[in-house]
Amino acid sequence: MLRQFSMDFAANVLFGEGSVASAGEVALRYGRTAMVVTCPWPDEQVPQFKRVLRILEDAGIRVVLFNRARSNPTSALIDEAGAIAREERIDMVIGLGGGSAIDTAKGASLCYAHDGGVWQYTYAVDDPYPIFPEKLLPVIAITTTSGTGSHVTPYAVLQNTKLRVKTAVIATKGMMPNVAIVDPEQVVSLPPYQTAVTGFDVFAHAFEAYVDDHSNPFVELLALHAIKIAARNLVSAYKDGTDKQARYNMAIGDTLAGMCITLNNTSMPHLIGQAIIGKRHEITHGQSLAIAYPEFVDCALPFYESEMAKVARLFSPTLKHVNDGEAASALKGILIAWQRELGILTSAAELGVSEEDKEAVLEETLRTCAFLTQKARQSRAQVSAMINRIWYQRF
Ligand SMILES: [Fe+2]
């Protein structure tokens, strides 16, 4: 039987150089008071953040600044943002930054109208509370990185530091930002390492949505284009952040790849990365999943040879002259070389994850992988062997 699928796309994306100038006008659609959620501003990007606040204030928006979002946001912090949003009686939440700021904004919107704390609405609890999308506050996402795709997804990822678990809010259409503003000028000053790891996330979103049983022709179209963009532009953006064309292209790739995971989902590397960050939250998202890639490529290869051959040929067009088996087998080496060129680390031990946490990472990965239906889902022994190799691998 030919496959059926349903699709939800992002409603409103304003894209391109200078598009952030419309932030005030966009905000006025939703009211007069906005909570702007950001991480502490990196020195290199202070002018970009200030510019957005000025645009909002010039439009007559009252700004309540919450600038304490953090990488891998905690449930406690999101609850706090939600409580401030209630006290200040805000009309909308603006997530200004990368995935952490945007996810915190989505979480604050949820907490504004839903009691019990954000953790009760996540996949980590047995009987999550229901989310009523009509009660959520409008969310505007303004990106300052190119990688998480959060501006066009219904996902909000968070961690519980007491339980040492990283998970996500139950994905519902209402968690999708109402408007996303993607202005590549906002990204030009992102430092090289952050450019590399967030850019790797673009590749990972596209790859995992495509190399999966639940992919479909629309995911394939978007994913292959996003991967082509990352393969041809990420190193340039990493080496020269002021390369406007590379930044523009990566912003397109980020948005396409975000749409891919909205249409499908991520898979094993994200689950392994999530389990690792649950134990060591200082690790950045893109970095955590990059270390899982060589192993994931090995385990997926027998099931997705033609897909992986297409991906390999996007990185190395000369592979057009060899058969699918040979092209697909080259992918692992291609990705390792790419990661090395981007200065991305390659093992859990290198990232400082304690040996004592390995067993817990295995258990958490097995728990979350139980939801995967892909052909490449592995047995306990296989996942255990994967985690072992991820811990100590050297390339
Ligand atoms: Fe991701």
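Ignoring the sites themselves, the chain has its longest run without GluC sites (Glu not before Pro) in a DSSP loop having at most 16 other Cβ atoms within 10 Å at 89-281.
Would you mind checking 50/244; 106/228; 239/320; 239/358; 173/332; 166/320 for any pair whose Cα atoms are more than 32 angstrom apart?
Beyond 32 Å: 239/358; 173/332; 166/320.
For the stretch 157-237, a Kirkwood radius taken over Cα pairs fed into Stokes-Einstein (4 °C, viscosity 1.567 mPa s) yields D = 85 µm²/s. For the chain, the calculated P(r) over all alpha carbon pairs, in 10 Å bins from 0 to the bin holding the longest distance, is 5, 25, 34, 25, 9, 1, 0 percent.
Below 8 Å between Cα atoms, with a sequence gap of 6+, how large is the relative contact order for the stretch 13-186 in percent?
Over the stretch 13-186, the number comes to 27 percent.
At 25 °C and 0.890 mPa s, what whole-number value in µm²/s does Stokes-Einstein give for the translational diffusion of the stretch 166-287, with Rh from the Kirkwood sum over Cα pairs? In µm²/s, the coefficient rounds to 164.
Please compute the length gained on full extension between residue 5 and residue 125, using 0.36 nm multiplied by the number of residues separating them and subtracting their Cα-Cα distance.
Length gained, residue 5 through residue 125: 40.4 nm.
Restricting the chymotrypsin sites (Phe, Trp or Tyr not before Pro) of the stretch 286-372 to loop positions (DSSP other than H, G, I, E, B) with no more than 16 neighbouring Cβ atoms within 10 Å leaves 303, 371.
When the chain is described by a simple charge dipole with +1 on each Lys and Arg Cβ and -1 on each Asp and Glu Cβ, the residue from 272, 53, 19 located farthest towards its positive end is 19. For the stretch 142-229, trypsin sites (Lys or Arg not before Pro) are listed when DSSP marks them as loop and at most 16 other Cβ atoms sit within 10 Å of their Cβ; the list is 162, 164.
Only helices enter the 222 nm calculation for the chain: every DSSP H run of n ≥ 4 contributes -39,500 (n - 2.57), and dividing by all residues gives -15500 deg cm²/dmol, rounded to 500.
Picking from 381, 300, 327, which is most flexible by a Gaussian network model of the chain using Cα springs under 10 Å? Result for the chain, Cα springs under 10 Å: 381 fluctuates most. Site pair residue 70 and residue 21 shows an inter-label distance of 3.8 nm when each label is modelled 7 Å from Cα along Cα→Cβ. Converting phi to 3J(HN,Hα) with the Karplus coefficients 6.51, -1.76 and 1.60 and the offset θ = phi - 60°, the stretch 346-362 yields 10, 9, 5, 4, 4, 7, x, 7, 5, 3, 5, 8, 4, 5, 5, 5, 4 Hz in sequence order, with x at every glycine or proline. Near residue 62, the amide H atoms lying under 5 Å from its own belong to 33, 34; only residues 5 or more places off or on other chains count, and H is placed 1.01 Å from N.
The residue list 75, 368, 100 was ranked by how far each Cα lies along the charge dipole of the chain toward its positive end, using unit charges on Cβ atoms, and 100 comes out on top. Taking amide H as placed 1.01 Å from N in the peptide plane, residue 180 has its amide H under 5 Å from the amide H of 12, 13, 14, 141, each at least 5 places away in sequence or on another chain.
Laboratory data are not the source of any read-out in this text; all were calculated from the coordinates shown. Everything quoted here is computed from the prediction, not taken from an experiment. Because the Cβ atoms are built from the backbone with ideal geometry, glycine has one as well, and the counts that use them run over all protein chains shown.
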